[in-house]
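Written below as structure tokens is the structure these notes are about.
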Amino acid sequence: MTDSKIIKSKAKDNKQAKLPGKDSFSEWYHELLMTAEIVDNRYPVKGMCVWFPFGFALKKNVYAVIRELLDPDHQETQFPLLIPENEFMKEAQHIKGFEEEVYWVTSGGTTPLEVKLALRPTSETAIYPMFKLWIRSHADLPLRIYQIVNTFRYETKHTRPLIRLREITSFKEAHTVHATWEDAAEQVEVAISRYSEFYRRLALPFLVSRRPSWDKFPGADYTTAIDVIMPDGKTLQVGTAHHLGSTFAKTYEITYEAENGEQKLVSQTCYGISERCIAALISVHGDEKGLVLPWGVAPIQVVIVPILLGDKEKVLAVSRNLQGELAAAGVAVKLDTSDERPGAKFYKWEMKGVPIRLEVGPRDIEKGVVTLVRRDGAKKAVPLVGLVEAINKEAEELQAALYTKATNLHDAKVKETASIEEAKVQTQVGVALVPWCGAVECGHQLENQVEANMLGEPQYQSFPEAACAVCGKLSAGRTYMARQY
Ligand code: 5CA
Ligand code: ZN
């Protein structure tokens, strides 16, 4: 019998509340956010959540990855939250897209403001008047900045923690300025490749598609989006990159002097990610025991649970030693010496998604080993000597296993369908890939008849000719269709 089994059999009363099954995804998700202490949804303003310290620690690690990926050629900055009405109202397409979602500040104390102030729903109209002042010549281009800020959107659809918020607390928005339309188009590709790398680091598979014209960002020439398929088969848009062309440049008069002395309009892009990335991470990887976190972003990577039997001092001394060794190697390690029983500790740290648990008990110590339990269930005795290397190797394997598992789930949820009827069936459980000639009219018909949304044309893939599911015209065009969050 292992040390932990002895303890477990002594503690039969150690019953813990279980999460709802993941097949009841919505209940599971809401319960998990509370129990694992990610966000508290009880704040008395609809659509606004409180980050628990543990959730905040996770968010910090996830956003550190974004920063790492952007910092080499973007500069982080910060713009004000409030936007004067006159600036906000300049770009007609933009207003049309956001009008119903803007919160307004209309007074300071009891004094009505002369110029109403918008709480940014996104920051084009705050940033671009400043770009006009900053950009003079071709030597100032390309300009690439980003900020991670809170934004406010008066969402009228059903709000959900991390997924559809009225205060988005962690809106990473990048804004870039270029000399030509082609340079901006290239930047959109760069954005998508950084986001792709970001989601790979989170072990999350995704779809990349070009949004149909009626679903692009207000004011954009086109929008490329990244979607993750959630456990219930609905998709979550977890990132977008927009080619803004010169729409905003015209409105805000952003020009530069070209090498030949000519004044030219700039071309722009913007791309954003919100805490939806954390929602996707939690939803795709989590299980009935709680969170499952990728090694690279877990606030606690290794938890050490001492099994206090026999020579307790010795067990504690070995545990502390290990803790020191792992911390020195840069591992986020926690030694749990609380009064709870080991079983309760196992439960707690599994709920929190800790990738690796080390059980240190007297019998194991005698044999010169500890018991290593991975969050995916794999369990083995590992020699104390060389433990750090062994853990690093396990971490790599865990990450690969997590990605494989998520990819298999993802692949099983995408299916090619030839007809509206087939697409209708498929979008009940996942994503349908449907032949589409590209005509707007056929697109609208598809959405109406399939009763799902068009995510748009898959990027970086090509397909053989097939008959459009609506008009029957032969084309190589396809669109993803899904029910969306
Ligand atoms: N200015 C552009 C690029 S930063 C912009 O605002 N794009 S957006 O409207 O598409 O938003 C960027 C991303 O934020 C979306 O792709 C989506 O993942 C996320 N997002 C949008 N609305 C919400 C919301 N209400 N709650 C949480 N996340 C949201
Ligand atoms: Zn058609």
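Brief remarks follow.
- For segment 177-209, a tally of residues being under 25 Å from Ser137 (Cβ atoms) and within 13 Å of ligand 1 (Cβ to nearest atom) returns 3.
- For segment 392-415, the count of residues that are crowded, with 19+ Cβ neighbours inside 10 Å, away from ligand 1 (no atom under 16 Å from the Cβ) and β-branched (Val, Ile, Thr) is zero.
- Entirely in segment 361-423, the strands (runs of 3 or more DSSP E) that have 3 or more residues that are closer than 30 Å to Thr479 by Cβ: 414-416
- Filtered by the rule that a residue be surrounded by fewer than 22 Cβ atoms within 10 Å (Cβ to Cβ) and within 16 Å of Ser419 (Cβ to Cβ), segment 444-462 gives Gln445, Glu447, Asn448, Gln449, Glu451.
- Whenever a residue of segment 217-244 is closer than 23 Å to Glu91 by Cα and among the aromatic types (Phe, Trp, Tyr), its partners that are part of a strand (DSSP E or B) and open to solvent by 10 Å² or more (accessible area, probe 1.4 Å), lying with C-beta atoms within less than 8 angstrom and at least six residues away or across chains, give the pairs Phe217/Thr240; Phe217/His242; Tyr222/Arg210; Tyr222/His242.
- Note on segment 210-255: residues that are more than 20 Å from Val190 (Cβ to Cβ), part of a strand (DSSP E or B) and more than 9 Å from ligand 1 (Cβ to nearest atom) amount to 4.
- Restricting segment 17-67 to residues that are farther than 24 Å from Leu409 by Cβ and of a type in the set (Phe, Trp, Tyr), the residue that is most open to solvent (accessible area, probe 1.4 Å): Tyr43
- Picking from residues in segment 164-179 that are among the hydroxyl-bearing types (Ser, Thr, Tyr) and crowded, with 21+ Cβ neighbours inside 10 Å, the one that is farthest from Gly239 (Cα to Cα) is Thr176.
- Qualifying residue in segment 345-358 (condition: of a type outside the set (Asp, Glu), open to solvent by 40 Å² or more (accessible area, probe 1.4 Å), in a helix (DSSP H, G or I) and assigned by TED's automatic domain parsing to the domain that holds Cys471): no
- Count of segment 433-474 residues which are away from ligand 2 (no atom under 13 Å from the Cβ), of a type in the set (Gly, Ala, Ser) and in a helix (DSSP H, G or I): 0
- Conditions (1) in contact with a Lys or Arg (Cβ under 8 Å, 6 or more places away or on another chain); (2) crowded, with 16+ Cβ neighbours inside 10 Å; (3) at pLDDT below 95: number failed by Ala11: (2)
- Residue satisfying all of: in segment 24-44; free of Cβ contacts under 8 Å to residues at least 40 places away in the same chain and part of a helix (DSSP H, G or I); farthest from Tyr347 (Cα to Cα) among these: Glu27
- Contact annotation: no residue pair with Cβ atoms under 7 Å, 6 or more positions apart or on different chains, pairs a residue in segment 429-446 that is within 16 Å of ligand 1 (Cβ to nearest atom) with a partner that is aromatic (Phe, Trp, Tyr) and at pLDDT 95 or above.
- Number of the condition not met by Lys96 [criteria: (1) in contact (Cβ under 8 Å) with a residue 40 or more places away in the chain; (2) farther than 22 Å from Ile145 by Cβ; (3) under 19 Å from the mean Cα position of the chain (by Cα)]: (3)
Here's the yes/no breakdown for (1) under 25 Å from the mean Cα position of the chain (by Cα); (2) among the small types (Gly, Ala, Ser):
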position: Glu422; (1), (2): no, no
position: Val431; (1), (2): yes, no
position: Trp436; (1), (2): no, no
position: His444; (1), (2): no, no
position: Ala452; (1), (2): yes, yes
position: Ala482; (1), (2): yes, yes
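- Residue in segment 180-190 that is in the same structural domain as Ile226 (by TED's automatic domain parsing), on the phi > 0 side of the Ramachandran plot and open to solvent by less than 40 Å² (accessible area, probe 1.4 Å) present: no
- Residue in segment 421-432 that is farther than 18 Å from Gly233 by Cα, in contact with a helix residue (DSSP H, G or I) (Cβ under 9 Å, 6 or more places away or on another chain) and either open to solvent by less than 80 Å² (accessible area, probe 1.4 Å) or assigned by TED's automatic domain parsing to the domain that holds Tyr347 (or both) present: no
- Of all residues in segment 68-94, those satisfying the criterion of being assigned to a loop (DSSP other than H, G, I, E, B), touching a helix residue (DSSP H, G or I) at 6+ places or on another chain (Cβ under 9 Å) and open to solvent by 30 Å² or more (accessible area, probe 1.4 Å) are Asp73, Thr77, Pro80, Leu81, Met89, Lys90.
The values are calculated or read from the model by the stated rules, or taken from the named source; none is laboratory data. Just so you know, these numbers come straight off a predicted model, no measurement behind them. Reconstructed Cβ throughout: ideal geometry from the backbone, glycine too, with neighbour counts over all protein chains shown. To get the accessible areas, we keep the full protein, side chains included, count just its heavy atoms, and leave off ligands, DNA and RNA. Shrake-Rupley method; radii C 1.70, N 1.55, O 1.52, S 1.80 Å.
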